[in-house]
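S.K.: Below: one structure in structure tokens.
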């Protein structure tokens with residue numbers, strides 16, 4: 001079967017999907033909508049994946065008008081490749097373009113925030129969301145929160161929704177000793193290390209985490225923070241570190257390769273994310289598989305994984321005071337309780353977040369789609 005995998009950029013999630021497809025019986029093409037200048041994954045495309053060449057994929061293309069201008073070229077690619085299945089997302093960009101082009105069978109993939117947040121951006125985005133959902137044959141999502149919101153937008157049949165978390169490599173992300181010399185730095189010898197792996201973008205609430213950490217540090221001087229990654233909020237991150245006099249207490253190693261990230265999880269004592277919206281967060285799953293207690297925003301996606309008092313904590317969105325309080329709670333966990341949390345989180349990851357198992361579900365979905373009759377095409381809408 002010929003599969004066109006159409007995604008907005010090239011992230012770790014895309015690499016994971018494409019690797020699964022490359023190892024399958026299918027012939028796969030990858031079409032990249034944009035390159036926003038950030039390196040989400042340094043690994044090359046998997047072997048056996050063809051690159052669909054076009055004028056997109058080389059620079060930021062992030063407005064509905066720019067996506068619309070690419071539609072004629074997109075339809076040419078469809079005519080040339082003649083895919084048996086188009087697998088496209090996020091919803092309002094790649095998904096909407098696929099819907100307008102009338103491609104079938106069409107597997108629409110939600111990336112979480114496209115349904116949970118972007119669908120309410122304005123009336124245009126609400127319409128694009130509805131149009132993509134109504135003209136897709138099946139919907140792939142990673143959590144119940146996305147399923148519920150999608151079905152509130154349109155009457156999407158349950159039997160046309162495939163739901164599973166993207167999953168992680170449980171061999172790579174596992175408890176153990178870290179080879180990183182974090183605690184050999186002056187002042188870090190007896191540190192309690194809080195780790196964030198989220199990008200420095202507005203949706204991920206890095207400012208909330210920094211402000212909460214600063215308040216917690218005022219009461220507990222052994223706290224240290226590691227902020228992996230980078231992003232457009234780098235000036236604000238640096239300003240807050242200077243404002244709170246946290247220089248030397250917050251480590252900023254930049255973007256880390258996928259091979260090195262597990263070492264940071266093993267070196268930490270707590271994983272924290274103050275993201276304003278999450279479906280099933282891969283970073284959260286990686287932390288749980290590594291045996292870390294977790295502190296994340298109280299939202300529907302995270303509530304599917306975290307039970308306060310059992311395997312982590314949930315902080316109200318944007319509440320820096322609660323973030324500070326819960327960081328301090330994590331510091332004061334006794335050894336026996338911490339060990340129970342470590343084991344619970346590892347068990348949850350093993351049962352629900354195994355990518356090898358979930359990748360098989362993706363391939364089963366393709367088999368379902370191959371037998372499915374595509375919906376009737378409609379006239380191209382006007383933007």
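S.K.: How would you rank 355, 188, going from fewest to most other Cβ atoms within 10 Å of each one's own Cβ?
M.R.: Going from least to most buried by this count: 188, 355.
S.K.: Fewest Cβ neighbours within 10 Å first, please rank 94, 15, 160, 143 accordingly.
M.R.: In order of increasing Cβ crowding within 10 Å: 160, 15, 143, 94.
S.K.: Moving to a separate point now. What residue among 211, 238, 302 has the largest mean-square fluctuation in a Gaussian network model of the chain, using Cα springs under 10 Å?
M.R.: 238
S.K.: Tell me, what are the semi-axes, in whole angstrom and largest first, of the equivalent ellipsoid of the stretch 252-383 as set by the roots of 5 times the Cα gyration tensor eigenvalues?
M.R.: 35, 20, 15
S.K.: Give the Cα extents of the stretch 232-316 along the principal axes, in whole Å, largest first.
M.R.: The Cα atoms of the stretch 232-316 stretch 35, 30, 23 Å along the principal axes, largest first.
S.K.: I want to make sure I understand the PRE zone here: with the label point 7 angstrom from the Cα of residue 120 toward its beta carbon, which residues in the stretch 130-165 have backbone N atoms less than 12 Å away?
M.R.: 149
S.K.: Going by alpha carbons, how many degrees (0 to 90, nearest 10) lie between the helix axis of 123-134 and the longest principal axis of the chain?
M.R.: Computed tilt is about 70 degrees.
S.K.: Still on this structure: Between residue 363 and residue 232, what is the spin-label point distance in nm, taking each point 7 Å from the Cα along the Cα→C-beta axis?
M.R.: Between residue 363 and residue 232, the label points sit 3.9 nm apart.
S.K.: Which one, 45, 314, 107, has the greatest fluctuation when you compute a Gaussian network model over the chain with C-alpha springs under 10 angstrom?
M.R.: Looking only at 45, 314, 107, the largest GNM fluctuation is found for 45.
S.K.: Another question about this same structure. Using just the Cα positions, wrap the stretch 27-92 in a convex hull and report its mean projected area in square nanometres, one decimal place.
M.R.: 5.0 nm²
S.K.: A further question on this structure: Compute a Gaussian network model of the chain, connecting alpha carbons closer than 10 Å, and tell me which residue from 318, 248, 301 fluctuates the most.
M.R.: Largest GNM mean-square fluctuation: 248.
S.K.: Using 7 Å Cα-to-Cβ label points, what is the residue 62/residue 144 separation (nm, one decimal)?
M.R.: A separation of 3.3 nm, rounded to one decimal place.
S.K.: Against the longest alpha carbon principal axis of the chain, how many degrees, from 0 to 90 and to the nearest 10, is the axis of helix 234-243 turned?
M.R.: Tilt of helix 234-243: around 20 degrees.
S.K.: Let me have the 222 nm mean residue ellipticity of the chain computed from DSSP H runs of 4+ only, each contributing -39500 (n - 2.57), with the sum over all residues rounded to the nearest 500.
M.R.: -11500 deg cm²/dmol
S.K.: Using only the alpha carbon atoms of the stretch 182-352, find the Kirkwood hydrodynamic radius as the inverse mean reciprocal pair distance, in angstroms to one decimal.
M.R.: Mean inverse Cα-Cα distance, inverted, gives 15.8 Å.
S.K.: Which label belongs to the value computed from this structure, given these candidates for semi-axes √(5λ) of the Cα gyration tensor in Å: (i) 43, 24, 20; (ii) 31, 26, 20; (iii) 38, 21, 20?
M.R.: Evaluating semi-axes √(5λ) of the Cα gyration tensor in Å on these atoms matches (iii).
S.K.: Bin by bin, in steps of 5 Å, what percent of the Cα pairs in the stretch 56-99 do you find, going until the bin that has the longest distance?
M.R.: 5, 20, 31, 29, 12, 3
S.K.: Over the Cα atoms of the stretch 119-262, how large are the radius of gyration and the largest Cα-Cα distance (Dmax), in Å?
M.R.: Values for the stretch 119-262 (Cα only, Rg and Dmax): 20.5, 58 Å.
S.K.: Quick check on the exposure proxy: order 198, 340 from fewest to most C-beta atoms within 10 angstrom.
M.R.: So the ranking, lowest neighbour count to highest, is 340, 198.
S.K.: Along Cα→Cβ, 7 Å out, is where each label goes; now give me the distance between the ones at residue 127 and residue 82 in nm to one decimal.
M.R.: If labels sit at residue 127 and residue 82, their model points lie 3.5 nm apart.
The numbers here are math on the coordinates, done by the rules we state, and not lab data. Model, not experiment: these values are computed from the prediction. Don't worry about glycine lacking a Cβ; one is built from the backbone with ideal geometry, like all the others, and counts go over all protein chains shown.
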